[in-house]
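The values are calculated or read from the model by the stated rules, or taken from the named source; none is laboratory data. Predicted model only: the values in this text are computed from it and were never measured. Glycine also receives a Cβ, built like all others from the backbone with ideal geometry; neighbour counts cover every protein chain displayed. These area figures cover heavy atoms from the full protein model, side chains too; ligands, DNA and RNA do not enter into them. Shrake-Rupley method; radii C 1.70, N 1.55, O 1.52, S 1.80 Å.
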Amino acid sequence: MAVDRILVLVERGPAGPVSASLELLSAARGLAARVDGAAWGADVSSLAGTVGAYGAATLFDLGDPGDALPGPQVAAALAGLATGPDAPDAILVPTTYDGRDIAARLSVRLDRPVLTNVVGLELVDGTLTTSHAIFGGAQVARARFTGAGPGIFVVRAKSFPAEEVGGDPAAVVTVGPADVGTTGAARVVSRHVEERSGPSLDEAAVVVSGGRGLGQPESYQLVEELARLLHGAPGASRAIVDAGWVPYAYQVGQTGKTVKPTVYLAVGISGATQHLVGMKGAKNIVAINKDQEAPIFSIADLGVVGDVHKIVPQLIEALKQRA
Amino acid sequence: MLIAVCVKQIPDPASPGALDPTTRTLDRSGKLIMDDSDSYGVELGLRLAEAAGGGEVVLVSMAPRSETGGLRTALAMGAARAVLVSDPALSGSDALSTAKVLAAALRRVGADLVLAATESTDGYTGTVPAQVAELLGLPSVTFAKSIALEGPEVVVQRQTEAGYDEVRCPLPALVTVTAGVVDPRYPSFKGIMAAKSKPVDVLSLADLGLGPEVVGGAAAGQELVEVRDAEARAGGEVVVDDGSAYEQIVEFLERVKVI
Ligand SMILES: Cc1cc2nc3c(=O)[nH]c(=O)nc-3n(C[C@H](O)[C@H](O)[C@H](O)COP(=O)(O)OP(=O)(O)OC[C@H]3O[C@@H](n4cnc5c(N)ncnc54)[C@H](O)[C@@H]3O)c2cc1C
Ligand SMILES: Nc1ncnc2c1ncn2[C@@H]1O[C@H](COP(=O)(O)O)[C@@H](O)[C@H]1O
């Protein structure tokens, strides 16, 4: 099965397409002769410039679900694009809250399976072959679809670099909205935004993550303060997310975010495989842990054996002196 | 109020199995336990049933060899009964096949609300629940951090990148629960004893009217082609803090030019 066309689901963030979608457009360019995007929401055409600059020829407007959660309607509109002579060979979906819902529902509509948690994609003998980090990233599994296309791939953020090529704005083609009746009846009645300053976890050059070694929720302030002084973003291990110290969006790891900053600072984190898989792509890793045997030290470029309650305040003080 | 909770039974993650080198499927020959991820759905289901006064929680699971180890834990927490689908032809099922089986079982249960986890511990595709919803023609709300019932609607706080959204959805509906959002209760001794006699309805594919051509390994449309060790990342210097280690961290940050 040669790969001629790839369709990329483009999700909108507060400032245009989310970076995970731009990464997929960039990756798709290297795999297929033609790349198209598909997006939903109000004023999809405002995304055409960016999507074109990342190499897409066409941007399909899947309709505006308004306040409804987009899964059912977007999947129905996509299913319409996925059949017929112009059908893509593959549909790439970013691993986001809505992306997974859309891919799952699309899979049922097309009666095709989905490959999820994809971290690499390449052509092997003309067939798209995926990579997946398994057993906490200790091993890599590679997989492919066997039946007829299109294959649905749900790809984790930061699996590919996003690279602009400066193409013309994509041509906008309207295909939605699809009517899905009560299946699409879940609707957002209010949005609650937790105040956060500084760069996002995805984009920060420095990520400072805290773990259970902080001892109590109040100590997370040390992590936030350190992140702020380094113009970075605060993150967390699942242990303290589950304990309710910080929201889920802060979680780094297998069931959280993948981050690839210039520096990752792990503060009181043991380094369980499920955490490592989300951060070991960082260029540099610094770890502070009082246990010399903590697994995090086996991948840290600089490991400090000591008490976070002593070292982090000293570090904060030193950084303040420089500022 | 009838609440169905999907409960996956998995090998103990504390002693994770390995991929069988020949079949390239996960070795599931050991004893199975309830996936921790589902304990939050069971807890929320029980609380909702209690709040509704006289509600019932029914468990739905697909597992090999008629395994009930994990289901007994959830029954001991307070669920009333369980429906278990078990069939040799289901070995090697992908997420879509699993969803088809769970959807067929749920159709029989006819719940007002279906709960599942956001993602399972061993498979973590995170797609099974939304696939189930689409198969049943139900609306769904994923990534719940809290759930309340208000008349004919379910009200969910759904996690987002920025915080959370309040989502309302008419019943029947499917909701997935994020790990860690409640403290699951420990089964009491009385609960454990009671669980032994609670009904577990074991169904085969034929009972559900499904053939091996639509579900299970024979129908899977994907294959593993290779499993290999990942490139290891080497560790660097480890120093023991003598009161001045922070200076070394500052130097390191300078060297890599982030300050
Ligand atoms: C299916 C599944 C998915 C998972 N997904 C994720 C995920 O996405 N992300 C994730 O992070 N985890 C995940 N986990 C959980 C993971 O296995 C670990 O339980 C978790 O990462 C541990 O968090 P922690 O390092 O903060 O806590 P712990 O493992 O308890 O480590 C705390 C560390 O702090 C150190 N410490 C204690 N006091 C001090 C002090 N005063 N100064 C310095 N150091 C101190 C200790 O030596 C210890 O090493 C997952 C688990 C499963 C089963
Ligand atoms: N075999 C199964 N039996 C019962 N529930 C399941 C099964 N597989 C998946 N689920 C449910 O779907 C959720 C997500 O699974 P997954 O898509 O594998 O990440 C699980 O946490 C369960 O709640």
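Annotations
- Bridge orientation summary for region A:3-184: considering DSSP beta bridges with both residues in this region, about 35 percent are antiparallel.
- The local environment of residue B:124, defined by Cβ-Cβ distances under 15 Å, has a net charge of -1 under the rule Lys, Arg +1 and Asp, Glu -1.
- Under a Gaussian network description of chain B, with springs only between Cα atoms under 10 Å, the residue in B:76, B:218, B:130 that fluctuates furthest is B:218.
- Degrees separating the helix A:19-29 axis from the principal Cα axis of chain A, which is the longest one: 50
- Computed [θ] at 222 nm, deg cm²/dmol, the protein assembly as shown (DSSP H ≥ 4; -39,500 (n - 2.57); rounded to nearest 500): -7500 deg cm²/dmol
- Helix runs (DSSP H) in chain B reaching 24 Å along axis by Cα, Kyte-Doolittle at least -1.0: B:36-52
- The mean sequence separation of alpha-carbon pairs under 8 Å and at least six residues apart, normalised by the residue count of region A:3-184, gives a relative contact order of 32 percent.
- Surrounding net charge for residue B:215, when Lys and Arg each add one and Asp and Glu each subtract one, Cβ distance under 10 Å: -2
- Shape of chain A, Cα gyration tensor, a/c cut at 1.5: prolate
- Estimated FRET transfer efficiency (residue A:164, residue A:189; beta-carbon r; R0 51 Å; 0.05): 0.85
- Average partner coverage of B:168-178, which counts Cβ from other chains inside 10 Å: 3
- Summing Cβ point charges (Lys, Arg +1; Asp, Glu -1) relative to the Cα centre of region A:218-323 gives a dipole of roughly 380 debye.
- Model label points for residue B:148 and residue B:230, set 7 angstrom from Cα along the Cα-to-Cβ axis, are 4.1 nm apart.
- About its Cα centre, the dipole of region A:3-184 is roughly 560 debye, where the only charges are +1 on Lys and Arg Cβ and -1 on Asp and Glu Cβ.
- Residue B:246 contributes about 50 Å² of solvent-accessible surface, heavy atoms of the protein only, 1.4 Å probe.
- All lysines inside 23 Å of residue A:260 as judged from Cα atoms, apart from same-chain residues fewer than 8 positions distant: A:158, A:280, A:283, B:257
- Between the Cα long axis of helix A:97-110 and the first principal axis of chain A there is an angle of about 30°, rounded to the nearest 10.
- Angle in degrees between helix A:220-229 and the longest Cα principal axis of chain A, rounded to the nearest 10: 80
- Using R0 = 41 Å, the C-beta based FRET efficiency linking residue B:194 and residue A:218 works out to 0.50.
- Cα convex hull of region B:54-106, projected area averaged across orientations, nm²: 4.0
- Relative to the Cα centre, the charge distribution of region B:175-259, modelled as +1 at Lys and Arg Cβ and -1 at Asp and Glu Cβ, gives a dipole magnitude of about 700 debye.
- Furthest towards positive pole of dipole, B:146, B:202, B:13, structure part region B:2-219, Cβ charges: B:202
- Here r is the Cβ-Cβ distance between residue A:323 and residue A:179 and R0 is 51 Å; the resulting FRET efficiency, rounded to 0.05, is 0.35.
- Residues A:152, A:134, sorted by accessible area with the largest first, give A:134, A:152 [1.4 Å probe; ligands and nucleic acids excluded].
- Kirkwood hydrodynamic radius computed over region A:143-302 comes to 18.3 Å, based on all pairs of distinct alpha carbons.
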